[in-house]
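We did not get these values from a lab; they are worked out from the coordinates using the rules stated. Everything numeric here is computed off the predicted structure, so don't read it as measured data. Methodologically, a virtual Cβ is constructed for each residue, glycine included, from the backbone with ideal geometry; neighbour enumeration extends over all protein chains shown.
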Amino acid sequence: MTLPAAFYDRPVLEVAPELVGCTLAHGATAGVIVETEAYHQTEAACHAHVGLTARTHVLFGAPGTVYVYRSYGIHALVNLVCEPEGVGAAVLIRALEPLSGVGIMHERRGVGEDERLCSGPGKLTQALDIELDLNGTDAIDGPLQVGPRPPAWADVDIVTGPRIGITKAAELPWRFCAAGSRSVSRPWPPGFRPAPRAARVR
DNA sequence: CATGGGATTGACT
DNA sequence: GTCAATCCCATGC
């Protein structure tokens, strides 16, 4: 069960908050998306802002296409292409709450608490083994799949804030986080507070 | 063809 | 708080 291409064929500012609470799966590993950011060709922080190049052409492709690129020479970052073909826009997936394959994630990431396995855009790609070979694949039929919100996430509250780690267009409040999730990456947006840990049995 | 910057992370002070 | 690791590609000479 995956979200249809029509889900992505809308303004990226609508899609980005709605993707929070949805699932992302690759192979035996999957998680619930708890943090996203929107990018659009009309603002300078978006790779598509420079126009159609060998690097950016995927961003202008069909809605529902996967865009993966390398950041700082080390990390792969994953996005979902939005808006009609020909418009350069995408949603960056910044954090997940692990859902399945948690043991595999620990093997790939090394020791750590579950909530830190996918609490950043480079961490989640390592945990789910998302690499550059997935660039240009299809998030509906391809190896990386996005599913609708599980019932428990149907009414998730969204905390909005400015995007992280960028120098251009940094003032736009295009970052969307699941309220209370302990897997949201730092720094937290204004007003965000993580939920208390589950009570320990004594 | 050389250069430099980047949507990050983890280790260290 | 600072810093290095290190890949891809856009830009400019």
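Observations, loosely collected:
- Normalised by residue number, the volume inside the convex hull of the Cα atoms of the stretch A:84-164 is 155 Å³ per residue.
- Dipole magnitude of chain A, debye to nearest 20 (Cβ charges: Lys/Arg +1, Asp/Glu -1, about Cα centre): 880 debye
- J(HN,Hα) series, the stretch A:112-118, from Karplus relation 6.51 cos²θ - 1.76 cosθ + 1.60, nearest Hz, glycine and proline x: x, 6, 3, 5, 9, 5, 10
- Residues whose amide H lies under 5 Å from that of A:Thr137, counting only those 5 or more places away or on a different chain, are A:Val66; hydrogens are built 1.01 Å from N in the peptide plane.
- Over the C-alpha atoms of the stretch A:35-102, the Rg to Rh ratio, Rh being the Kirkwood estimate, stands at 1.00.
- Under the Debye formula (equal points on every Cα, no solvent term), log10 I(q)/I(0) of chain A at q = 0.18 Å⁻¹: -1.29
- Residue order, fewest to most beta carbons within 10 Å, for A:Val102, A:Val91: A:Val102, A:Val91
- Charge tally around A:Gln126: other residues with Cβ under 13 Å, Lys/Arg +1 each, Asp/Glu -1 each, net +2.
- Alpha-carbon centroid distance for the pair the stretch A:133-174 / the stretch A:1-35, whole angstrom: 6 Å
- For A:Ile158, distant residues with modelled amide H under 5 Å away: A:Ala179
- Relative contact order of the stretch A:136-202, defined on C-alpha pairs under 8 angstrom at six or more residues apart (%): 22 percent
- By the count of other C-beta atoms within 10 Å, a proxy for reagent exposure, A:Ser181, A:Ser100 are ordered fewest to most as A:Ser100, A:Ser181.
- Local net charge near A:Gly136, Cβ-Cβ under 14 Å (Lys/Arg +1, Asp/Glu -1): -4
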